[in-house]
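To start, the structure under review is shown below, and the notes come after it.
The values are calculated or read from the model by the stated rules, or taken from the named source; none is laboratory data. In this text the structure is predicted, and so the values were computed from the model without any measurement. So basically every Cβ, Gly included, is an ideal-geometry build from the backbone, and we count neighbours across all protein chains shown. Ligands, DNA and RNA are excluded from the accessible area calculation, which covers all protein heavy atoms including side chains. Shrake-Rupley method; radii C 1.70, N 1.55, O 1.52, S 1.80 Å.
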Amino acid sequence: MAWRFKASKYKNAAPVVPKPEACIRDISVGSYQTYGNNIAASAAFMAFNVDHNGSSLAVLPIDDCGRKSKTMPLLHAHTDTVTDMDFSPFHDGLLATGSQDCLVKLWHIPDKGLEESLYNAECTFSHKQRRVETVCFHPTADCLLTTTSYTTLTLWDISSEKEMLSNAEHSDVIQSLSWKKDGTLLATSCKDKQVRILDPRLPANSFTHMANSHQSIKDSRVVWLGDTGKILTTGFDSGRQREVFIRDLRNFEDCEKALVLDSSTGILIPLYDPDTGMLFLAGKGDTTISYLEVTDREPYLLEGIRHNGEQTKGACLVPKRSLAVMQGEVNRLLQLTSSSVIPIMYQVPRKSYRDFHADLFPDTTGCEAQLSAVQWLQGHNAPVPRISLDPAKRSAGESPIQQPRLGPKPFTPPKLNFSSSGSGDGDIKGTTEFSFDKVFSVPVAPGHEAMNGALNRHGNSFHTVDNENSGTNQNLSYIENDLQSKGGEYRDEELKEVCEDIPLSACKDNVGPYQDETKSRIGLQSENVSEGDVQPNSGSFEELSPTSPTLHGKPKTPSTAERRKFYEKRISSIAGEQEGTQLAVDTLKFDDTDDKLEDFERASVQRSSIAERRRVYENRSASIQEASAAEKRSPTLSPTPLRRKDSYKSSKACVPDVVKEDKEDTESKRSPVAVQRQQSQEQPAAGKSPPTQDKKPEPATTPTPKRTSTVFGRVSKFRHLKGTSLHKSTHIENIRNVSRQISGECDGFHANRERVAVPLSGPGGKIAVFELSKTGKLPDGVIPTLVHGTNIMDFAWDPFNCKRLAVACDDGTIRLWLIPEMGLAEPTNEPDTILAGHSEKIYFIKFHPLAKDVLASGSYDMTVRIWDLATQEERIVLHGHTDQMFSFAWSPCGAYCATVSRDSKLRVYKPRSNSQPIREGKGPVGSRGARIIWALEGRFIVVMGFDKVSERQIQIFKADSLNLPLNTVGLDVSPAILIPFYDEDSSTLFLTGKGDSTIYAFEVTEEAPYLCHLSHHRCNSLHQGLSFLPKIVCDVSNVEFARALRLTNNTIEPLSFTVPRIKSDLFQDDLFPPTKVTWKPTLTSTHWFQGMDKLPARQSLKPDGMECLSEVQGAAGNIEKSGGKTLGSTAATCGTFSGSQQPYNRLGWNADISGSTKEKQEQIQRAVSSKMEVNLKLEQDEMEGVDEREWED
């Protein structure tokens, strides 16, 4: 059959999208301007960027699915956006990350995944002052990492933490790189529109091939087509059309195939599978993923079935070892979207999947490297052995093939001088160092006789890497424990020999280079193999018995992770004082395993690193993981969820760790700590003293009182707030010509209790004023307006006078209007007062929240002027701005004000004391606009703005510290500026923008995360503005805690925000504290300018005739208290807490009835029984039974 008529086996490979339940959902992914794919996968894990700035990664099992909590453990990798990431092809748990903070970090992912957030990297490399663009592991050499930064390409040997090679010959930023499958050549694409081929091992370290590539400076990608001499690149031409090129090294200057796709702006991510020749093209921002098959002759690219779905943020392929081959899955693509990770299975249709289809699954590249980094650098080449995907040829059957992962290691500590004495071996003094090669030692793989095949794969002697650690004497205690952890049986003589001469291995083999006797025991003859040689399998390890006796009869040493914790403790203690060193050495003996584990837990509090202090601080948020759930969970499931400690019912979780000499004494002297309620702390009963403790419990086990919002678990009373549009009879309809050209610094719509002001389009700067009492459809014709004769910049109602409206104009004047009692009857152009003082047009105007007749205005002349409207004079001028001001806000007390401006600066003023700012800080970096408000009685400042990629974000600052935000929450990409409203009584922040249909809601709290998501309200149409009314307007009888007016294209609709409650007939005093009287002034302008301050009065919102919820519950509580007094002696004997109450049920009374309450019920029952005729005779009593003799038959 001619080749052109030969059908491909993968031609009909179809994408199969799983149901939402099988995807990872409810994650937050931002928009990142990087050259990376934003997601990577190994055979065991997936990692992807999360959060607004992308500095953290989520690492989940490869088969994980379901909704993810916002408090799930994360990999807090860098201080800036992670630009690229890559898993090692030979270690499923080894992850490399590069970032804009100029650092490259290596991370070890535990076998069970992240059960707690990870902060400390295994090692770190620096690229000086340039951001890292790409990271990529070598395809054949183990522990060899390639990174690029600007024009520099660097190769790192991560086993020795050394830079091996560096190339700085590129003339512009390196955008992408790809290794040939055999690891001999490297291809790069650059911003200078060139594609290059490089052999890093050549003496000149120069390029072997160069050619002109895509003629656009936009991101281009390159991928090597397996082990062939061809590369594939994606990019843009000069007309911004997306292109795909294929080049052959034999004729590199000319393209073998050029394919023009479309004119989209999405950067194409090429994902190529060399086994099947399948190529996937996923464009960032696209909803389509293309599938093409690459051939070795015309037409070179055959188009397959496309996938249409959600918008792509990133994509990657899953290693072939994790595919479901018995379902015909030839490839699996992980698509990262803004809120989910979708595993897309490409399946070749077959009549039956009962048998393994060997024609679809050729042998694939395995996971056992034959080379180390040093051997590769010396010029050796060895392909990675291929493995079969046939389950019948695998010991694990259909389960994914996963290579042994890296074991945890202690961090490489500084040199420590300490002495250790032993009865049998004498005193040993020296300098202890740990070489990095122990990090990548691979533990015994379950079910394998050879130790991961490490020595079999290498088949050479343990070569020595020349670094500062070689030749250093190792401390006897560490070597002793290290040999115990390997499970081997060693004699004292062998142990001494090991301490005398220990070469450092650059490979990941778990068994170190011991003496000849040890080598002969494991079956390896090093004298026949020279350094750097690669030979076939020459030996194997004997399977080590887990029951082997340990050295000197000591108990088996704990895992390396526990030793890691111990060494961190030792480093911090030695830095403090010399006595801590001796204690650390003595503790190294591990006489009692249980006591040692407790010491490890306490050591975590003593660590001095920033990451450890941060971890301890987070643990103080009174949240823990269920131990039983963590033990029983499968490694393939998501991390154990966190739950609040004050809801944890097991007393075991509340037992503090106490330092004890004896384990039995420890168990006998432990006492549970009383579980604390959220807003109250129970005290011990009289006559009972708390148990004595030798050491204060660590903060991680001490619950702290929480507000209505916490980091772990949402307990806000307003969590399920509900927005409802009121009846159509309350709407104002038929509004015409609403202006959409109003200044960005203006909210565009303002209302008070009696009327609303709406700017209209057209010349003259018109504002229409509508009476809220006159609802319904407006008559056709001319709408009465306020005519200004110039463009309107901002306007605001006087909070203490519902008739006065202030309007700022672009001629630098402020016009004050007094609206007639019955509203406007006709258009007017005669304001009541005109204030002139600014030399440029005005940005904003804001009335003082407490003082009457005080108005602030900000202008293009970079000044903020504060006016006394009573005398119509300018009293205060504030300076210090260097660029356009976006927003201005008075503090709740009225003594301070804050601004946010285009120069990304926040400024806080004390206007009556200083005309210059008293504090400054860095605000949003975007230049589109911003808003600023005060929260929590003026202790916090919340700023709404944009980041550098135009994503809307919310930042919260301490009012007395504007250096760094306490939290940053990213919302979405939209040009509309977020307009805020803050309700002080509920601490609820409402946000929306012009042209939006969603009203976002957050609760502002005094503790992390400071901004807590509440239920958002989605309107059925877009709105042009939103204005909230004073609290006195709310209908509290229907549990309404906020009311707003919403302006659409032609209507004004009231919105009611309520909280669902069962007992809505009672006044919910827990939701409605006495509110501030913001509609009446507390000061006159004269008093305020003289420096006087006065807090506003508070008014109860309780309607007449309604009972308070707390009073009803309190009455039921009093009954319980009286019952408790009757049995006071019994309560004291049982050790109960005086004054404690059981939680109320939904009926408002306590179901645990005792004491006088129960006695009264019995009295009532006896009284009713005495007046009723009760017949206690049963019907069966009068029946005749069967003769007993009849049963004998």
Closer than 28 Å to Arg740 by Cβ and free of Cβ contacts under 8 Å to residues at least 60 places away in the same chain, is that true of Ser915? no
Members of segment 838-875 found to be assigned to a strand (DSSP E or B) and touching a residue at least 60 places away in the same chain (Cβ under 8 Å), listed by number: Tyr843, Phe844, Ala851, Val854, Asp868, Arg875
Scanning segment 362-378 for residues that are surrounded by fewer than 20 Cβ atoms within 10 Å (Cβ to Cβ) and under 19 Å from Thr154 (Cα atoms), the one nearest to the chain's Cα centre (by Cα) turns out to be Leu377
Selection within segment 736-791 - open to solvent by 50 Å² or more (accessible area, probe 1.4 Å), within 24 Å of Leu1029 (Cβ to Cβ) and of a type in the set (S, T, N, Q): Ser773, Thr775
Checked against (1) in contact with a helix residue (DSSP H, G or I) (Cβ under 6 Å, 6 or more places away or on another chain); (2) touching a residue at least 24 places away in the same chain (Cβ under 8 Å), Asn963 satisfies every condition except (1)
Conditions (1) more than 25 Å from Thr71 (Cβ to Cβ); (2) hydroxyl-bearing (Ser, Thr, Tyr); (3) open to solvent by less than 20 Å² (accessible area, probe 1.4 Å) -> Ser987 fails only (1)
Does segment 806-838 hold any residues that are over 19 Å from Arg865 (Cβ atoms) and open to solvent by less than 60 Å² (accessible area, probe 1.4 Å), and which are they? Trp817, Ile819, Gly823, Leu824, Thr828
Just wondering, is there one or more residues in segment 986-1006 that are in a loop (DSSP other than H, G, I, E, B), among the β-branched types (Val, Ile, Thr), modelled with pLDDT under 95 and under 19 Å from Phe940 (Cβ atoms)? yes
Within segment 237-247, tally of residues that are at pLDDT 90 or above and either aromatic (Phe, Trp, Tyr) or surrounded by fewer than 23 Cβ atoms within 10 Å (Cβ to Cβ) (or both): 3
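Only residues that are of a type in the set (D, E, K, R) and modelled with pLDDT of 90 or more: list them for segment 287-302, please.
Glu293
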Among the residues of segment 1010-1025, what is the count of those that are in a loop (DSSP other than H, G, I, E, B) and open to solvent by 40 Å² or more (accessible area, probe 1.4 Å)? 4
Hits in segment 137-166 - residues which are free of Cβ contacts under 8 Å to residues at least 60 places away in the same chain and surrounded by fewer than 20 Cβ atoms within 10 Å (Cβ to Cβ): Tyr150, Thr151, Thr152, Glu163, Ser166
Selection count where residues are closer than 21 Å to Gln311 by Cβ and surrounded by 15 or more Cβ atoms within 10 Å (Cβ to Cβ), scope segment 262-278: 7
Residues (part of a loop (DSSP other than H, G, I, E, B) and in contact with a strand residue (DSSP E or B) (Cβ under 7 Å, 6 or more places away or on another chain)) located in segment 1030-1049: Cys1034, Val1039, Asn1049
For segment 282-340, give me the residue count where each residue is surrounded by fewer than 18 Cβ atoms within 10 Å (Cβ to Cβ), out of contact with any Phe, Trp or Tyr (no Cβ under 8 Å at 6 or more places or on another chain) and part of a loop (DSSP other than H, G, I, E, B). 12
Matching residues in segment 1050-1068 - criterion: being in a loop (DSSP other than H, G, I, E, B) and open to solvent by less than 30 Å² (accessible area, probe 1.4 Å): Thr1051, Val1059, Leu1066, Gln1068
Of all strands (runs of 3 or more DSSP E) completely enclosed by segment 911-982, which ones contain at least 2 residues that are open to solvent by less than 60 Å² (accessible area, probe 1.4 Å)? 931-935, 940-946, 951-958, 967-973
